[in-house]
Amino acid sequence: MTVSKDKIKIEGLTGDAAIAHALKQCDLDVLAAYPITPQTIIVEDYQRFAADGEVKAKVIPVESEHSAMSACVGASAVGARVATASASAGLALMWEILYCAASMRMPIVFTVANRALSAPINIHNDWSDTYGARDSGFIQVYCQSCQEAYDTTIMAFKIAEDHKVLLPIIVGIDGFILSHNVERVEMLPDDAVQKFLGVREPFIALDPDNPITMGPLALTDYYFEFKEQQDEAMDKVPEVFEKVEKEFEKMTGRKYGLFETYRVEDAEIIIFTHSTPGGTAKAVCDALREKGEKVGVVRLRLFRPFPAEQLAEVLKKAKAVAVFEKCRSFGAPSNPLALELKTALYDLDKKPLVTDFVIGLGGRDVPPTTIVEGYEKTKEYLKKGEAPLYETLGVRK
């Protein structure tokens with residue numbers, strides 16, 4: 001089904017507002033959340049929709065983020081379509097229940113306005129919060145634009161609720177940089193979104209007339225098998241992800257992929273990042289191309305599961321890959337995004353050199369000059385034939 005242009009509504013929306021409008025159209029049964037900057041607007045806008053009678057969902061204003069995810073697990077367990085939103089310390093307070101949600105196979109959509117973790121207290125953007133949850137069992141997708149945030153939130157329900165998957169999913173946007181930035185967003189009619197998603201069909205749901213237990217206790221006899229099933233479900237995500245995007249593309253003409261490639265065909269050095277730095281990297285790529293530099297960009301979208309084989313295929317002809325990431329993994333030989341990529345490239349007969357640049361912690365600005373600096377350093381390291389395990393850019397020493 002293709003939606004005609006006359007039915008598309010165009011508005012200037014922040015990333016938070018775009019997500020709130022997407023949630024409004026997804027026919028939720030329950031939204032449970034606790035306010036935290038820079039996510040709060042998502043739930044504020046949704047509560048306004050509820051107060052005005054525009055949605056039928058039960059909005060639960062809980063006493064903490066731990067309770068928010070707990071309420072989502074309970075609602076999802078009885079078959080409801082469920083969402084929540086948080087950031088930073090709020091996500092950290094959910095920690096225990098993140099693992100419960102994933103292990104109990106609850107397809108909860110969790111929108112996150114990525115924000116640094118304390119201390120000291122910082123309300124601005126980096127990726128430390130969701131990167132910390134990378135082994136929790138949640139699918140993780142990261143967006144560059146408000147349009148992409150809107151589209152991805154809608155697709156997230158169809159991916160998570162697919163019976164091959166049945167896992168919760170994080171949709172991440174950069175706090176303040178995207179959450180509070182106004183961009184042009186094309187919104188679908190409500191009936192098109194609801195037809196695209198359909199009604200959630202639970203695989204198993206709590207029912208008083210047919211009582212079962214979920215997630216009570218599994219010791220040495222069965223715990224390992226549960227983890228194996230989670231892993232098998234995660235392996236199926238790329239297949240379902242691509243199938244859902246094809247359906248979405250038929251409806252809208254828009255697709256994003258597991259990752260975006262930009263001018264990589266003949267690139268000798270490829271810039272690798274995600275979220276809003278991806279847009280900066282593409283602008284830098286264009287400027288460097290005008291100077292004759294053979295550079296390209298790969299902007300990751302799906303971080304969990306990490307599309308290792310597909311990335312290796314795209315990157316194998318490059319001489320070097322320059323990773324730019326907004327997270328520090330203290331005590332590790334490198335940082336999360338670069339560690340994932342180095343593993344993905346490990347089995348190649350001829351591996352590109354990988355440089356790892358930590359940028360933008362705590363919301364530090366990442367101007368084009370920062371990307372250029374990393375690119376020039378990567379060229380120098382290529383000549384030497386070796387590079388540091390990682391280094392920081394844009395920080396006072």
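The values are calculated or read from the model by the stated rules, or taken from the named source; none is laboratory data. Values in this document were obtained by computation on a predicted structure and should not be read as measured data. Methodologically, a virtual Cβ is constructed for each residue, glycine included, from the backbone with ideal geometry; neighbour enumeration extends over all protein chains shown.
Anything in region 102-156 that is part of a helix (DSSP H, G or I), of a type in the set (A, V, I, L, M, F, W, C) and either within 24 Å of Y262 (Cα to Cα) or in contact with a strand residue (DSSP E or B) (Cβ under 8 Å, 6 or more places away or on another chain) (or both)? List them, or say none.
Matches in region 102-156: C146, A149, M155, A156.
Does L315 satisfy the criteria of being under 17 Å from A338 (Cβ atoms), more than 13 Å from the chain's Cα centre (by Cα) and in the same structural domain as G374 (by TED's automatic domain parsing)?
It is true that L315 is under 17 Å from A338 (Cβ atoms), more than 13 Å from the chain's Cα centre (by Cα) and in the same structural domain as G374 (by TED's automatic domain parsing).
Within the group K397, K377, which residue is at pLDDT 95 or above and either among the basic types (K, R) or part of a loop (DSSP other than H, G, I, E, B) (or both)?
Working: K397 fails: at pLDDT 95 or above.
Only one candidate passes the filter, namely K377.
Here's the yes/no breakdown for (1) among the β-branched types (V, I, T); (2) more than 30 Å from L206 (Cα to Cα):
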position	(1), (2)
V112	yes, no
L117	no, yes
I123	yes, yes
D126	no, yes
I139	yes, no
Q144	no, yes
T153	yes, no
H163	no, no
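Which numbered condition in (1) in a helix (DSSP H, G or I); (2) crowded, with 24+ Cβ neighbours inside 10 Å is the only one that A32 fails?
(1)
Which is under 30 Å from G198 (Cα atoms), without any contact (Cβ under 8 Å) to a residue 24 or more places away in the chain and assigned by TED's automatic domain parsing to the domain that holds D162, of E232, E245, E225?
E232
Inspect all residues belonging to region 279-296 and state whether any of them is surrounded by fewer than 17 Cβ atoms within 10 Å (Cβ to Cβ) and on the phi > 0 side of the Ramachandran plot.
Yes, region 279-296 has at least one match.
State which residue is farthest from L206 (Cα to Cα) when the search covers only region 56-91 and only residues that are surrounded by fewer than 20 Cβ atoms within 10 Å (Cβ to Cβ) and hydroxyl-bearing (S, T, Y).
Ranking the candidates gives S64 first.
Can you run down the residue pairs with Cβ atoms below 7 Å, 6 or more apart or on separate chains, where the first is in region 157-171 and farther than 11 Å from A233 by Cβ and the partner is at pLDDT 95 or above and polar (S, T, N, Q)?
Every condition considered, the pairs that remain are I170/T130; I170/Q140; V171/T111; V171/T152; V171/T153.
Residue by residue, here is whether (1) surrounded by 13 or more Cβ atoms within 10 Å (Cβ to Cβ); (2) closer than 24 Å to E325 by Cα; (3) touching a strand residue (DSSP E or B) at 6+ places or on another chain (Cβ under 9 Å); (4) among the hydroxyl-bearing types (S, T, Y) holds:
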{"residue": "T213", "(1), (2), (3), (4)": "no, no, no, yes"}
{"residue": "D221", "(1), (2), (3), (4)": "no, no, no, no"}
{"residue": "D231", "(1), (2), (3), (4)": "no, no, no, no"}
{"residue": "T252", "(1), (2), (3), (4)": "yes, no, yes, yes"}
{"residue": "G257", "(1), (2), (3), (4)": "yes, yes, yes, no"}
{"residue": "E265", "(1), (2), (3), (4)": "no, yes, yes, no"}
{"residue": "I269", "(1), (2), (3), (4)": "yes, yes, yes, no"}
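Looking at this structure, is V354 among the β-branched types (V, I, T), surrounded by 13 or more Cβ atoms within 10 Å (Cβ to Cβ) and touching a residue at least 40 places away in the same chain (Cβ under 8 Å)?
Answer is no for this residue.
Could you tell me how many of the residues in region 318-343 are among the aliphatic types (A, V, I, L, M) and over 19 Å from the mean Cα position of the chain (by Cα)?
Qualifying residue count for the region: 5.
Please determine, by comparing only the residues of region 35-48 that are of a type in the set (S, T, Y) and assigned to a helix (DSSP H, G or I), which one is surrounded by the fewest Cβ atoms within 10 Å (Cβ to Cβ).
T40
Here is a yes/no grid of residues against (1) outside the structural domain of F176 (by TED's automatic domain parsing); (2) touching a Leu at 6+ places or on another chain (Cβ under 8 Å); (3) among the hydroxyl-bearing types (S, T, Y):
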site: T343; (1), (2), (3): yes, no, yes
site: Y346; (1), (2), (3): yes, no, yes
site: D349; (1), (2), (3): yes, no, no
site: L353; (1), (2), (3): yes, yes, no
site: V358; (1), (2), (3): yes, yes, no
site: D365; (1), (2), (3): yes, no, no
site: T369; (1), (2), (3): yes, no, yes
site: V372; (1), (2), (3): yes, yes, no
site: Y375; (1), (2), (3): yes, yes, yes
